[in-house]
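Heads up: the structure comes next, in structure tokens.
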Amino acid sequence: MTWRHLDRRERLPALDGLSANDGGTLIGVSPRTAPAEFIGDDLEVSVEFVTPEIAATLLARNCANRKIMSTVVDRYARDMRAGQWALNGQTLKLGRSGRLLDGQHRCRAGIESGCAFPAIIVRNIDDDVFDTLDLGTRRGFAQVLASRGERNATSLAAAVRCVAVHLHGP
């Protein structure tokens with residue numbers, strides 16, 4: 001993991017044991033517990049400032065994602081403007097194709113707030129894992145169908161659920 005300053009006008013929150021100007025390695029190397037081909041040797045992880053301009057570039061590569069929820073963007077932008085945005089371990093995920101797989105609400109908030117924000121960025125993720133992101137509580141079946149280009153995704157998801165309940169029970 002590397003530390004890169006893209007906008008020195010913004011102060012990055014201090015991390016335990018590190019000053020904001022520390023240019024060293026943030027995380028030590030640990031032994032792998034899985035084969036390299038499983039982990040993905042080409043993954044790149046860095047902590048960076050995402051300026052509004054960089055956020056706009058990332059959003060331009062945001063295809064087939066869920067609809068942006070303005071309430072989430074407003075909350076994030078408010079926190080960014082107030083200097084309350086926290087580097088909390090969530091990552092911006094970029095696919096091998098350059099596609100923004102995760103982070104559209106944070107990027108939109110950076111643009112709307114006019115503030116750079118710190119982010120952990122993971123690059124070179126297999127684009128095919130998109131359907132596995134945020135399934136627990138955030139990305140619903142209708143959103144997955146919409147991201148695959150299905151029309152009337154909400155109605156289609158409801159119909160599929162009705163058929164599944166009919167065939168297999170609740």
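The values are calculated or read from the model by the stated rules, or taken from the named source; none is laboratory data. Treat the numbers as computed from the prediction; the structure is a model and nothing was measured. We place every Cβ from the backbone using ideal geometry, glycine too, and count neighbours over all the protein chains shown. With ligands, DNA and RNA removed, areas are computed over all heavy atoms of the protein, side chains included. Shrake-Rupley method; radii C 1.70, N 1.55, O 1.52, S 1.80 Å.
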_Residue in the range 86-109 that is within 24 Å of Glu44 (Cβ to Cβ), acidic (Asp, Glu) and either open to solvent by less than 80 Å² (accessible area, probe 1.4 Å) or without any contact (Cβ under 8 Å) to a residue 60 or more places away in the chain (or both) present_ = yes
*asked:* So, in the range 45-74, how many residues would count as being modelled with pLDDT under 90, of a type outside the set (S, T, N, Q) and within 16 Å of Leu94 (Cβ to Cβ)?
replied: 3
_For the range 41-66, give me the residue count where each residue is in contact (Cβ under 8 Å) with a residue 24 or more places away in the chain and either open to solvent by 50 Å² or more (accessible area, probe 1.4 Å) or in a helix (DSSP H, G or I) (or both)._
12
*Residue by residue through the range 87-116, note down the ones that are assigned to a loop (DSSP other than H, G, I, E, B) and either in contact with an Asp or Glu (Cβ under 8 Å, 6 or more places away or on another chain) or not aliphatic (A, V, I, L, M) (or both).*
Asn88, Gly89, Gln90, Arg96, Ser97, Gly98, Arg99, Gly103, Gly114, Cys115, Ala116
*Would the range 128-136 turn up any residue that is small (Gly, Ala, Ser) and modelled with pLDDT under 90?*
yes
